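Comments concern the structure below.
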Amino acid sequence: MHSSWRLFILLTLLALHKQPYPGLAHAHLDSKSSLARIISQGFMKHNAEDQIQSIYLQDSLNDSRQVAYGMVGWLIGGMKLRQQQEISINITNVQLDCAGIQVSFYKEWFSTNISLEFDLELTLPFNNSTMLHTSMNLAAEFWLEKDEYGRRDLVVGQCRTESDVHVTVLTESVPYKMKHFIHKLKENIRKIIPHLVENQVCPLLGDLLRQLDVKLLKDLMEQAAADELDEP
């Protein structure tokens, strides 16, 4: 384990145990377990939100192999080169968090629920910027598995987007001629965003947990299981 990451985990755990009363500890941590808090802080340490914000969407939206309609290509088909260069679709205001942990302690299995929200700013040469808001959840599962010598190793299971990706339009007044395009854009965002986000978040989440000592991870799982039992 990297020394800086080990020190961060140690300080986090010390902070949890310094709370004067158990009730206050839960209040200060927004009811998160230590493991969920470590994952959230790990995302911050590794600039996960910045990585998501840097995803370049235009090529993916215009890839006819992934999307039935090449949205950007369809839109810019009749435009001049200068107008084409003024089109942009950017991710902003990213909020990534570990929302919770579910544990089966006796099976040494746990899953994480990762929440993600961000805005999309669509800029076109003939229209003011249009803002959309996207929210989604990812679920990832892990477990500890013994080898032939009784040593435990972390196994990474599935990590994928749960249910639907929610996309809403924040801009109050959208020109009539743009409404059909915005509708198709929302559909295509729901198709391509899960894969792009999973490629960013899932490998990082696995790397964060692999850096934990197995014994420490087992202790954190035990604490998360106890927190679940304490919840009303």
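The values are calculated or read from the model by the stated rules, or taken from the named source; none is laboratory data. Note that the structure is predicted; figures quoted are calculated from it, not measured. We place every Cβ from the backbone using ideal geometry, glycine too, and count neighbours over all the protein chains shown.
If you filter the range 112-170 down to residues that are closer than 20 Å to Phe43 by Cα and acidic (Asp, Glu), you find that the one that is nearest to the chain's Cα centre (by Cα) is Glu117. Might you check whether a residue that is more than 26 Å from Lys32 (Cβ to Cβ) and charged (D, E, K, R) occurs anywhere in the range 208-225? No, because not a single residue in the range 208-225 is more than 26 Å from Lys32 (Cβ to Cβ) and charged (D, E, K, R).
Does the range 115-130 contain any residue that is touching a Phe, Trp or Tyr at 6+ places or on another chain (Cβ under 8 Å), of a type in the set (Ser, Thr, Tyr), touching a residue at least 40 places away in the same chain (Cβ under 8 Å) and in a strand (DSSP E or B)? No; the residues of the range 115-130 include none that is touching a Phe, Trp or Tyr at 6+ places or on another chain (Cβ under 8 Å), of a type in the set (Ser, Thr, Tyr), touching a residue at least 40 places away in the same chain (Cβ under 8 Å) and in a strand (DSSP E or B). Which ones in the range 42-77 are part of a loop (DSSP other than H, G, I, E, B) and at pLDDT below 80? Once the filter is applied, which keeps residues that are part of a loop (DSSP other than H, G, I, E, B) and at pLDDT below 80, the range 42-77 yields Asn62, Asp63, Ser64, Arg65, Gln66, Val67, Ala68, Tyr69, Gly70, Gly77.
Just one of the listed residues (Ile189, Ile193) is touching a residue at least 12 places away in the same chain (Cβ under 8 Å), surrounded by 17 or more Cβ atoms within 10 Å (Cβ to Cβ) and either under 22 Å from Phe43 (Cα atoms) or acidic (Asp, Glu) (or both), and it is Ile193. Return the residues of the range 131-169 that are under 29 Å from Glu222 (Cβ atoms), of a type in the set (A, V, I, L, M, F, W, C) and without any contact (Cβ under 8 Å) to a residue 60 or more places away in the chain; say none if nothing qualifies. Answer for the range 131-169, where residues must be under 29 Å from Glu222 (Cβ atoms), of a type in the set (A, V, I, L, M, F, W, C) and without any contact (Cβ under 8 Å) to a residue 60 or more places away in the chain: Ala139, Trp143, Val155, Val156, Cys159. Across the range 95-123, which residue is surrounded by the most Cβ atoms within 10 Å (Cβ to Cβ) among those that are charged (D, E, K, R) and modelled with pLDDT of 90 or more? For the range 95-123, the residue satisfying everything is Asp97.
Of the residues in the range 163-186, how many are among the acidic types (Asp, Glu) and either surrounded by 11 or more Cβ atoms within 10 Å (Cβ to Cβ) or assigned to a strand (DSSP E or B) (or both)?
So the answer is 1.
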